[in-house]
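Report on the structure given below.
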Amino acid sequence: MTTTAPRLGTATFLRLLLITAALLGTVLTGTANAHAALTGSNPKDGAVLAVAPEDVTLTFSEQVALGNDSIRVLDPRSKRVDTGRLKNLGSGDVVKYGVDLHSGLPDGTYTVAWQAVSADSHPIAGAFTFSVGAPSKTAVELPKQEAGGGLVGTLYGIARYAAYTGFTVLVGGAAFVLACWPRGAGVRPVQRLVVCGWVTLTAATLAMLLLRNPYTGSGELGDAFDLAGLQAVLATKTGAALVSRLLLLGAAALFIAVLFGAYAKRATEAEGAAETGASRPAGTEDAADGNAGGDDPGAAGERAKEKQDLTFGLAIGGTVVAAGIAATWALSEHASTGIQAGLAMPVDVLHLLAVAAWIGGLATLLVALHGDPSVGRPAVLRFSRAAFWSVVVLAATGLYQSWRQVGSWSALTGTSYGRLLLVKIGLVAVLVGVAWISRRWTARLSERPPAGEDTRSETGGETDPGGRAAPAADGESPTDAAPAPSDDPVRAAQLARQGAAVAAATRKRLRDADPERSGLRRSVLAEAGVAVVLLAVTTVLTSTEPGRTEEQAARAGGGTAEAAPTKPVDVTLPFDTGGANGKGTARLTISPGRSGANEVHLWTRSQDKRPLDAPEVKLAFTLTAEKIGPLPLVPERVAAGHWSASNIQIPLPGEWQVRITVRTSDIDQTTVEKNVRIG
């Protein structure tokens, strides 16, 4: 039967808009795991104090978990100078912690190293310096590895991706069977897919539970089996969520056993009875034939009621278990933090369930189309309707999460999160286009299944509805298509292999005989491929600091945000002290030209371009916008006309005013200034 593909009407266009909105919502919230950020400190990074402070305080953008060793203050010889007792100084929406310092600290540069775990379960860490009296050299060596990085971070990220994938396949596959294709409960490829989802989610959850201690702490893989560390993890919100997920997966295993056991049997019996009834001539009675044509109406009705009750019980129980597993993410990650957490958590559960029903159902449909050509147009249409309502839920929940978590438009191109977001938007556009093609192929599917489907014997031969061997394909005899059993084990194994080969060839012939079904299979395969990449990008985003938090940290001056592009400062200024040989130029370089430690070089030249060995030069830095400075600096003379200074701390990025004072005699002196951008 040939059917003309429908035009892209209003309903289809509306569905495409819903898909786009939902996926954009997923894009904007898929990593809305809002990592906490350091938004302020006292003393500030790079500050030079006249006297030593009594304590060091840190302010964060949201709630964090810290211990007594989470904030360490080290002197220039790398000796700890804090008391080790953490103070919670926050109130209301202010998240502020501090540690007291020992009294009588000498002059020099001190390093503050801190480490915490965000309320969304991600580890964060950082360090900054301040000086008492004047900057000095320091022997402190900070770890180069970021919190949650290295091999442990990579393995934990893989486990997170595997957990999301397993959940999607497990929930989506089971929902596809119950809601769209009951006979699929007895199809071996579908069974393997759902069981694989359960195994993947279980293994990933166990791996995350073991890796949690080194992921948020030492970063050493060997600490994964530290019992004390595991006990500490179990006392945290994330540890409790992972254990709860494992318990719920035990209930999910029972659900799978019933789905592919008792339910599969009932579904197969119901379909067999329906096919037998449909093939029986009108007026034929069952009485003359015993049970050959089916059971009496009372027994058939009782079986139908049992199947209906079992379906209802599996639907309710499966929904409860799936929602519980989804809640283990919502209760331990971004939905549990920020504004309106009480509403955001159930919304996040709905969001995850909708993703699983759509993407997991898509994967199951792909397996069904490839492994069993008997999946027909009614099952595909039922999934299309289910996917539509999943998209509606995704649109509503995604837009809400976007409003709750997304920052300004400037973060779209100015932060790592925003750039990854643009990549994901591109993938969304591709996925929407492929989904539209799949819908066109679905509309072209014929109402009847391919010839010969659902009539195959277990050995690969085909049988008619009455159970008799049908003629084999390509002119083979029924005996060739279904060889007789043999008492010889070797011969029996050979016959079994031949039967399997015939069955595979028959399934392939049936698939290739329906071009519409083949086209749908290819488009669904393309959809699934894009969805896999989309899920991978989402997983990467879950470990990326959102632009909202990044910009908030930048505005507050915490120094944790990505600043302007870093490049060395190189400026040349003319000067005239007014005395003899008082005219010349001063060239200043600041490298690497960013907040933190820098190296400064200054060269003075006379009008004839020769080194001008001035008796004295001085520098001063002022950040007018933040009312910081002037920070004085007297560089050391390296050679005639050349001065330098190392480990010069620039507290914050911004537009700094640099003042250069040159003295060419006891009474001849001038000061020139220039605004420079330090990233």
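Accessible surface computed residue by residue for region 176-268, with neighbouring protein chains in place and a 1.4 Å probe, gives 44 Å² per residue. Peptides 184-193, 609-618, 257-266 ranked from most to least packed, by the mean per-residue count of other Cβ atoms within 10 Å: 184-193, 257-266, 609-618. Between residue 37 and 61, 62, the built amide H atoms are under 5 Å apart, and every one of these is 5 or more places off in sequence or on another chain.
Please enumerate, by chain and number, the lysines with C-alpha under 29 Å from the C-alpha of residue 305, excluding those fewer than 8 residues away in the same chain. Result set, ordered by chain and number: 265. Looking at region 579-633, the accessible area is 54 square angstrom per residue; that uses a 1.4 Å probe and ignores ligands, DNA and RNA.
Measuring between alpha carbons in the structure, the pairs from 137/674; 79/137; 87/627 lying more than 19 angstrom apart are 137/674; 87/627. Shown are 226, 348, whose ranking by accessible area with a 1.4 Å probe and every protein chain present, most to least, is 226, 348.
The values are calculated or read from the model by the stated rules, or taken from the named source; none is laboratory data. Model, not experiment: these values are computed from the prediction. Every residue, glycine among them, receives a Cβ derived from its backbone with ideal geometry; neighbour counts consider all protein chains shown. Just the protein is used for accessible areas: all its heavy atoms, side chains included, with ligands, DNA and RNA removed. Shrake-Rupley method; radii C 1.70, N 1.55, O 1.52, S 1.80 Å.
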